[in-house]
Structure formats: C-alpha cells, structure tokens
C-alpha cells in the first residue's frame, strides 16, 4: 500500500515505535560525527593546534573537526571509504571471475558469500590504508615542518593500524544497528552523515556571501545568488522526480497478470560520474580540457552516457532475470522486453546524471567570469553538486521503509517475520508474487542507497516478510525453486 508523503511524515512523528527508531538513528549518526573528534593515540594535539594557527585559521569546533578528518588525524578518518571500495571492487572483479559473478547474480546464499567477501576485503584495505596513513602522519613536511606525532616509530604505526581498523569495524557495526533498530539504510546514513556538518558550514557561508560588507567575502554579481538557488531547487526536484520515474514490466502466470517488476534509474548509482572523473587526473586530458571547454563538455557527456550503460552490464543481467522469472513459473510478453525496459531506464539515468554534472559546472564557469576573484570567489564554494542528490535519495529511501512499517501496522496480520533476504528489488518482487500464488501474504522492507551506490552490493537488501506462522512454509517454497535439490 502506497501512502502519501504527508501521511508518512505525520505517522513517523506520532507513532511511538517509529519515534524510537528515528531518535535511535539520529543519536547514532550524531555520536558517530562527534567520534570523528577523537584523535589517533600518539598525536600531540598541541602541535596540531600550532599547525592550525600557523595556516591562519581559528581552531573552531567545526574547523577542528574538518582538520581531524581531512588530515587523517582522527581514528575514524577512514570512515566508510574502505567498505565502499570493497563493494565496488567486488563488483568489478565479478566481470572477470565467473564464480564471483555467480554469487553476485545469485540467490540468498550468493548474497551471503558477497557479504563475507566484502567484510574480509574491508579489513584488508583498512589495515593497508591505516598503515600508509601512519607513515604519512610521521612526516613533518605534511604539517609545515611540525612533527605532530609524539613518538614516531613502529609502536605508533601498530597503534594507528589497530585503532583505525577497529574504528571501521565499529562504524559497520553501528550501520547494522541502524538497520535493525533505526530507520533507513544504516550504511547510507553513515556515509552521508558528513553532509550535516557540510550543510551547517554551507548555510554560514551563504549568509556571509549575501550580507557581508567586504567585497571579497560577498557575491558581487546580482545574478549569481538566484542562479545558485535555482540550481539547488532543480537538483532537489530532479532527485525526487527521477527517483519515482520507474519503468515496469508486467509479469504473467497462465496468461493472467499477477504483478509488475519495477526498475529504477538509480540502479547504477553515481558510478558513471565517478569513473568519468578519472580522465581529469591524466596529464594529457587535463591539458586538453584546460585549453578547450567544449572538448571537456563533449567528453563528459559522452563518457557519462557510455559508462552508465557499461556499468549496468556489471550489475544487471537481463538473461538471468528472464531465467529467474521462468524459474518461478511466470512469463513476460516478448523475449527482449526486459532489455527494452532496461535501455529506457538507463537513458533516463544517463540524461539525469549528465544534467546533474554539467549544470553545476556551467554555473562554475559563470562564477569564474562574473565574480570578483574568479575561481577563488566565495560563490564558487556555494554551488551545489551531486551530494545534494544523494542526500535526497537517502531521505526518499527512508520514507519508502517508513511506508513498509505503516503498511505492516495497518495489515490484518499483526505478527510478521523475515522469511528471505533478496539482493535486488525485482528479485524480491518476483518472490513475493510467487508466495502470493500460494496464498501467502508478504511485504518487502527496502534497504536502498539510491544515487549513492549501484545495486547488488551488500549495502542493498530487500527483506521479505510474511506472517509469523507462514515463515517456514514461505522460505521452503522459495528455496525449493532457488535450489531444486532441497
């Protein structure tokens, strides 16, 4: 059952259980951001403060937070970086490793294997990166000639590796706790949590830019502020509109429609943009783009469009999906229908990603020409980018889960439990339709990270709920089709 935005927000505030979940989520995210203020043992904070003063900045709490994070001084500096890298590396490795490909495109057992490999690779990357950071922190040249480590050496390196790796494990644990006791996707909330600090800083800078009496600190062109506000509104609306712009495929059984599969433009996340940016660090390309802005725009548009379709081949296999549909006794109209719908979906995604990347870039060019100081203008730092789209996506994903909780509460069945965890939304929809043909009610609890990550990582999961007295029967029905030997 689909509820309106107003209904969901009102219910989220009024319902006691949902308020507890909301408070738990906010508390975990807030405590985690405060934890970023904890320095690595062995770091001399007085010398860090000396460095901060030496670069001419007042050590305010927000600035201190940013320095501890950006200078890799906090024990939580790795954040979710190694975890996200592990998710993406496993996806890319599946292209050349058939066994891994089978797990990635497989059933619940395949998902369990991907989860295990993701955890293992995250630990390995955390150890390697924290060791590199320990060496980096011991180099005084990185901090204006000031040695910020009290006692450099092997003991500090071991301490740095142990504390930073343990911090990554704690962050993953907290993300899982949000999944269990909070609302929304815990991994998504943890990953975007720095945006709350960034939002505070952004509001402060924007008010300064509008009201400052100093020319160097304010927006000089009368058209810049309205353009920034307009672009922000466009990105927010675009994130909402294309989030709901789904393509569907009708599913039939015995020539009668039993439901639809939904495919979202968010399936490739923002990876097409991320990989497009790789060319910017190649000397030849960066030189060419500096000389010709037209060449730069042509490359960006072509690369994002092509990479959107290319990455979709990593995370989606239409032949496997069609096989799964047949496996559960369903059919679709036409053998190429899945491919056609996916291509429609990907065109929508590619065009939105291009607009989300190019429009802020064009505004940056406008600022560079019309504002005092050019690229160094304060307006340059006020232009919204893709992070705002990711943030809106997480909010909408959270509301989708709230919709599930409300639907579960309003159902005639009051006692529900998880019978199966699917990798993707279409897979979960196929299996709920299958349960429906056997007279078993079911609901899907979505854990997405729209626009933030592509599908088929352990971050995404879709829990299928059935009445408690039907859990065993429902699970056995699904597993018998997934694994005919059972």
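Every number here is computed from the coordinates shown, using simple stated rules; none is lab data. Owing to the predicted nature of the structure, the values given are computational and were not obtained by experimental measurement. Positions of Cβ are generated from backbone atoms using ideal geometry, with glycine treated the same way; all protein chains shown enter the neighbour counts.
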With labels modelled as points extended 7 Å from the Cα through the Cβ direction, what inter-label distance (nm, one decimal) is found for residue 351 paired with residue 150? 6.1
Which distance in nm do the two modelled labels at residue 281 and residue 361 give, with both placed 7 Å along the Cα-to-Cβ direction? 1.8
Quick calc, residue 177 & residue 16: beta-carbon distance into FRET formula, R0 25 Å, rounding 0.05, result 0.80
Calculate for the chain the 222 nm mean residue ellipticity that helices alone would give, adding -39,500 (n - 2.57) per DSSP H run of length 4 or more and normalising by residue count, nearest 500 deg cm²/dmol. -20500 deg cm²/dmol
Between the range 415-486 and the range 144-197, what is the separation of their alpha carbon centroids in Å? 32
Just to confirm the number: angle between the C-alpha axis of helix 61-70 and the first principal axis of the chain, 0 to 90 degrees, nearest 10? 70
Taking 90, 123 and counting other beta carbon atoms within 10 angstrom, the fewest-first order is 123, 90
Counting all Cα-Cα pairs in the chain, those more than 45 Å apart amount in percent to 17
Using Cα atoms only, what is the angle between the long axis of helix 81-93 and the major principal axis of the chain, expressed in degrees (0 to 90) to the nearest 10? 50
Considering the alpha-carbon set of the range 385-438 alone, what are its Rg and its Dmax in angstrom? 14.7, 48
Per-residue Cβ neighbour rank within 10 angstrom, fewest leading, 11, 189, 136: 136, 11, 189
Could you tell me the relative contact order of the chain? Use alpha-carbon pairs under 8 Å, at least six residues apart, and round to a whole percent. 18
Would you kindly state how much longer the chain becomes between residue 248 and residue 81 on full extension, computed as 0.36 nm times their sequence separation minus their alpha carbon distance, in nm to one decimal? 56.7 nm
Packing-based ranking, highest mean first, of 391-399, 25-33 given that Cβ atoms within 10 Å are counted: 391-399, 25-33
Tell me, in nm to one decimal, what length is gained between residue 162 and residue 135 on full extension, where the rule is 0.36 nm per residue of separation less the Cα-Cα distance? 8.3 nm
Listed with the fewest Cβ neighbours within 10 Å leading, 21, 448, 181 appear as 181, 21, 448
When only C-alpha pairs under 8 Å and at least 6 residues apart count, what is the relative contact order of the range 136-285, in percent? 8
Which length gain, in nm to one decimal place, applies between residue 255 and residue 199 when the Cα-Cα distance is subtracted from 0.36 nm times their residue separation? 14.9 nm
How far is helix 194-211 tilted, in degrees, relative to the longest principal axis of the Cα atoms in the chain, given as a value from 0 to 90 rounded to the nearest 10? 50
